[in-house]
Structures are given as structure tokens and as C-alpha cells.
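Here the structure comes first, spelled out in C-alpha cells, and everything after it is commentary.
The values are calculated or read from the model by the stated rules, or taken from the named source; none is laboratory data. Predicted, not measured: the structure shown is a model, and the values here were computed from it. A quick note on method: Cβ atoms are made from the backbone with ideal geometry, for glycine too, and the neighbour counts reach across all protein chains shown. We work out accessible area using only protein heavy atoms, side chains counted, and drop any ligands, DNA or RNA first. Shrake-Rupley method; radii C 1.70, N 1.55, O 1.52, S 1.80 Å.
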Amino acid sequence: MKSVIIFYFLIATTVYSMAQSLAMKWKSEPVLPVSESVLFDPKAKILYVSCIDGAPDGKDGKGAIAKVGVDGKVIAAEWVTGLDAPKGMGLYKDNLYVADITRIVTISLTTGKVTQSVEVEGAKFLNDITVDKTGRVFASDTGTGKIHLLKGSKAEVYFESTEFKGINGLLALDNALYIADFGTGSNYKLSGDKKLTSLGKTSEGADGVVEVGKDEYLVSNWNGEVYYTNGKGESKMILDTKADKINAADIAYDPQTKTLFIPTFFANGVVAYTYSK
């Protein structure tokens, strides 16, 4: 009898651990042209949204950073202008860091002005950015399979691997990095001593990644999906908007309100969902 109880307890625990869901809270007006990435600022309680407004690799000066309230109201569709094709972003103190094709741009949160633009040698398609607790700025290059580290006014190669077929999403975890690969849908953990460990797969088209619990993550798929995954390599799709032709690009998360923010790319906006498990 005891073994039967344990058996059913294990089944219930497994089902519970994979019972994650998303419920829509709001969606912004579709006035954010090609919204690629969203970043939550916990101090200011605001969202920054990178808007490509042109070709994803076009150096055309059409790109912008928008400000959106956590209620979905667009505060400024063009808070910062003159960028090319801005994508992933990261925050540290008074600075916003933006991946912009082949350069990492630094923007002052106080003035909204670009204070530094660093061309990354050999870069082809800088995509995501993450900043660790010490202020180290990492940028993924989908075009070369490299992770770059910003050091002052220069950038250097931090890590590269033939395992990557389109490295995209980055998330700083203490002294490690969580990595989502666009080309294969594979997830990895890169330790502080640069040992790469496989964490299973979600699906091809993996874009952004956020942490929603200890060793638990949500990974977006650019085509319009969101997956729950964990350190055991388990994964489950919990959102699918492909039929509505709504993308799910580089996501952000507010752990206090358990809100997931999704930039919808060609749908030109941001959608917020309540995450539960």
C-alpha cells in the first residue's frame, strides 16, 4: 500500500510541476513597429521596447526604443531614435544596453541619450543582451555563434562553440549564463569556468529566456510560442499564437506580479500575460 501511495504522489508531483499556464492581461496598441525585445525595469516600473522598424539587419537609422507602462499604455513610441535594428537589451544602474546589429549601444536612462557606441569586431548579427549582478554586459551573435563581453569601450569574445547553430537568448544566472539557440531550440548552461552543459530543447526558433523559479524558465519561440522548461531538460509549450500570426520575440518577466511581457514583432506591440503554476 505504501508503494502505491508513493507512486501516485510521484505522478501528482510531476503533473503539478508541468501545469504552468499563461492568461492574457492586456495588449498594447499596435504602434511599436517591429517590436523585437521588451525589458522590464523593476525600479522605474516601466517597459523598454526595441523597435526595428525596417530590415532586421538594415543599418538605416530607423530603429527606436519605446517606453511602455506596465498597464500597456504607450508612454513614448520613440523615446530614443536613430538606431538601426535594435534587439536585445540589458540594464545596469543608470544605463540601458542595446544590441544593434554589429554594435552595443549604451543609453542613459536619465537623459535618453546615447552615451557610447561600441562596434564589435567580427560581429554579424548581435541579438540578445544580458547583464550580470556585477555589471558585466554579454551579447550573443546569432551570425557567428559567439558571446561577446563588453569591457569599457571595447568588446571581446567571451565564448564560442560549434554547438551553437544560431545562438540567441541569454540570461545571466549568478556566475553562469543560460543560453537558448535559435537554430536548434537547444538550451544550455555556461558555467563561470566556461563549461557548457545541455539543458534539453524547446523548439527551433528559440528567442528570449526568463527565470520564473529556481531552475525554472520560460523560453519564447519567435514563431509565436512560449515554453516552460527546467534544469532537468523537461519542457512544455504553454502558449501558441501562430494561428493568429502573432510572434513571440525576446520576452521579459516581472516576478513580483508574475507577469510575462511578450513583444509581438510584426504585430507591432506588446502583450502581457499572468504566469501561474
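Where in region 183-222 are there strands (runs of 3 or more DSSP E), lying wholly inside it, with at least 1 residues that are of a type in the set (Val, Ile, Thr) and modelled with pLDDT of 95 or more?
Details: elements: 186-190, 196-201, 206-213, 216-221.
It comes to 196-201, 206-213, 216-221.
Total residues in region 28-71 satisfying the condition of being in contact with an Asp or Glu (Cβ under 6 Å, 6 or more places away or on another chain), crowded, with 16+ Cβ neighbours inside 10 Å and of a type in the set (Lys, Arg): the figure is 1.
Suppose we filter ALA180, ALA248 for residues that are in contact (Cβ under 8 Å) with a residue 12 or more places away in the chain, in a loop (DSSP other than H, G, I, E, B) and surrounded by 21 or more Cβ atoms within 10 Å (Cβ to Cβ); which single one remains?
Values: ALA180 fails: in a loop (DSSP other than H, G, I, E, B).
Checking each option against the conditions leaves just ALA248.
For region 17-74, what are the residues that are under 13 Å from ILE262 (Cβ atoms), of a type outside the set (Gly, Ala, Ser) and not in a loop (DSSP other than H, G, I, E, B)? LEU22, MET24, LYS25, TRP26, LYS27, GLU36, VAL38, LEU39, PHE40, LEU47, VAL49, VAL68, listed by residue number.
Could you please find all residues in region 211-226 being among the hydrophobic types (A, V, I, L, M, F, W, C) and either within 10 Å of ALA249 (Cα to Cα) or open to solvent by less than 10 Å² (accessible area, probe 1.4 Å) (or both)?
Residues of region 211-226 that are among the hydrophobic types (A, V, I, L, M, F, W, C), as a first pass: 212, 218-219, 222, 226.
If the condition is that a residue be among the hydrophobic types (A, V, I, L, M, F, W, C) and either within 10 Å of ALA249 (Cα to Cα) or open to solvent by less than 10 Å² (accessible area, probe 1.4 Å) (or both), then LEU218, VAL219, TRP222, VAL226 are the ones that fit.
Checked against (1) in contact with an Asp or Glu (Cβ under 9 Å, 6 or more places away or on another chain); (2) on the phi < 0 side of the Ramachandran plot, THR264 passes all but a single condition, namely (1). Identify the residue in region 223-245 that is of a type in the set (D, E, K, R) and part of a loop (DSSP other than H, G, I, E, B) and, among all such residues, is nearest to SER21 (Cα to Cα). Top of the filtered list is GLU234. For region 183-197, a residue qualifies if it is among the polar types (S, T, N, Q), open to solvent by 20 Å² or more (accessible area, probe 1.4 Å) and in contact with a strand residue (DSSP E or B) (Cβ under 6 Å, 6 or more places away or on another chain), and the qualifying residues are SER191, THR197.
Here VAL74 passes the criteria (1) open to solvent by 30 Å² or more (accessible area, probe 1.4 Å); (2) under 13 Å from VAL137 (Cα atoms) except the one numbered (2).
For the condition open to solvent by less than 60 Å² (accessible area, probe 1.4 Å) and either touching a residue at least 40 places away in the same chain (Cβ under 8 Å) or part of a loop (DSSP other than H, G, I, E, B) (or both), LEU96 qualifies. Examine region 103-125 for a residue that is among the charged types (D, E, K, R) and open to solvent by less than 10 Å² (accessible area, probe 1.4 Å), and state whether such a residue exists. No, the conditions are met nowhere in region 103-125.
Checking SER117, SER140, SER153 one by one, the residue that is of a type in the set (Ser, Thr, Tyr), out of contact with any helix residue (DSSP H, G or I) (no Cβ under 6 Å at 6 or more places or on another chain), at pLDDT 95 or above and under 30 Å from GLY213 (Cα atoms) is SER140 and no other.
Within region 198-210, how many residues are crowded, with 18+ Cβ neighbours inside 10 Å, more than 13 Å from the chain's Cα centre (by Cα) and of a type in the set (Gly, Ala, Ser)?
Step one: list which residues in region 198-210 are crowded, with 18+ Cβ neighbours inside 10 Å, which gives 199, 201-202, 205-210.
Still in the running and more than 13 Å from the chain's Cα centre (by Cα): 199, 201-202.
Now restrict to residues that are of a type in the set (Gly, Ala, Ser): none.
Qualifying residue count for the region: 0.
One residue stands out among those in region 251-277 that are open to solvent by less than 30 Å² (accessible area, probe 1.4 Å) and among the β-branched types (Val, Ile, Thr): the one that is nearest to the chain's Cα centre (by Cα), which is ILE251.
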